Amino acid sequence: MSQQEAAVLTGAAGTIGVATARRLIAGGARVYGIDIDTRALDAAAAQLGAGFVPVVGDLGSEAGIAACCADLLRTAGPACILVNNVGILTTDKFLQTSLADLRHAMALNFESAYLMTQHLLPGMVAAGRGRIVNVSSFAGRSGGLLAGTAYSLSKAAMIGLTFSLAREFGPKGISTNAVAPAFVRSEMMARNLKTPEDEARLLAAIPLQRLCDPDEVASAIAYLVSAPAGFINGEVFDINGAVQCD
Ligand SMILES: NC(=O)c1ccc[n+]([C@@H]2O[C@H](COP(=O)([O-])OP(=O)(O)OC[C@H]3O[C@@H](n4cnc5c(N)ncnc54)[C@H](O)[C@@H]3O)[C@@H](O)[C@H]2O)c1
């Protein structure tokens, strides 16, 4: 990553978003962080300092994404780093998941990445270089332990998008990779682990016997956009404490 490279990060005010912004800024990037939560974005901006530019936007709507990207391209110019991180967890399993539930999860977790990439990739193609990281999940690789069907499907789609982009845009100097984290210590996990017994049961299933630190996801993302990761393209980087080995 070169000095003051523009990086666009979605879901920037959340747990993994803030940790990722911190790592990208430390690597020299100027991070344009998009989130719908204005207060959380303000808090992130106060923590992260001058390298972070908060951008309020609704990534669940096609029009919201178009407006955000038009604004970004006008004010920041083309970005050579895109981290598609925004997502919501669902926990309902297949028979409880309506088509509307599925579409809701797909819109935010997958279509936002699809659309953000459609808007920002032409700038990378013109520059002849770019790095895209899609935040998938262990659920997209496994069907999900705690996670629901809609979430798992949306995260599996992120992996398919990663493979397609890696093949098609590798020849243009753009690499696309995914991270597939599990069990990150976050609000998202806290909402799921309601009792100490829930947490103890989960830890017993994780060979490392602990939850993942958000910075452990952030540093994997920062590595994938760094120069030494230049030959890594179309990789799904597991961060799951050996819950699944392959
Ligand atoms: N936390 C985990 O254990 C875990 C594990 C695997 C993968 N992930 C993935 O990592 C990513 C980040 O997770 P997190 O734990 O930081 O979640 P989080 O809930 O802390 O952050 C998500 C952020 O997205 C924002 N957001 C929600 N809806 C939005 C919308 N319509 N428009 C714009 N922003 C919106 C929220 O305001 C929030 O700041 C997600 O894609 C998640 O699926 C998380």
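Bear in mind these aren't lab numbers, they're just calculated from the coordinates by the rules spelled out. Values in this document were obtained by computation on a predicted structure and should not be read as measured data. Cβ: placed from backbone, ideal geometry, glycine included. Neighbour counts: every protein chain shown.
Checking the a/c ratio against 1.5 first, then a/b against b/c, what shape does the Cα gyration tensor give for region 18-86? The shape class here is oblate. Simple point charges give the picture: +1 on the Cβ of Lys and Arg, -1 on the Cβ of Asp and Glu, and for region 39-143 a dipole about the Cα centre of about 320 debye. Would region 175-246 count as rounded, prolate or oblate if I go by the C-alpha gyration tensor, calling it rounded below 1.5 in a/c and otherwise prolate when a/b exceeds b/c, oblate otherwise? In terms of gyration-tensor shape, prolate.
For region 64-126, what does the alpha-carbon gyration tensor say about shape, rounded, prolate or oblate, given a ≥ b ≥ c as the root eigenvalues, a/c under 1.5 as rounded, and a/b over b/c as prolate?
In terms of gyration-tensor shape, prolate.
Sorting the segments 185-191, 237-243, 54-60, 201-207 by their residues' average number of neighbouring beta-carbon atoms within 10 angstrom, most packed first, yields 54-60, 237-243, 185-191, 201-207. Projected over every direction and averaged, the convex hull enclosing the alpha-carbon atoms of the chain yields 12.9 nm².
Peptides 101-108, 9-16 ranked from most to least packed by the mean count of surrounding Cβ atoms within 10 Å: 9-16, 101-108.
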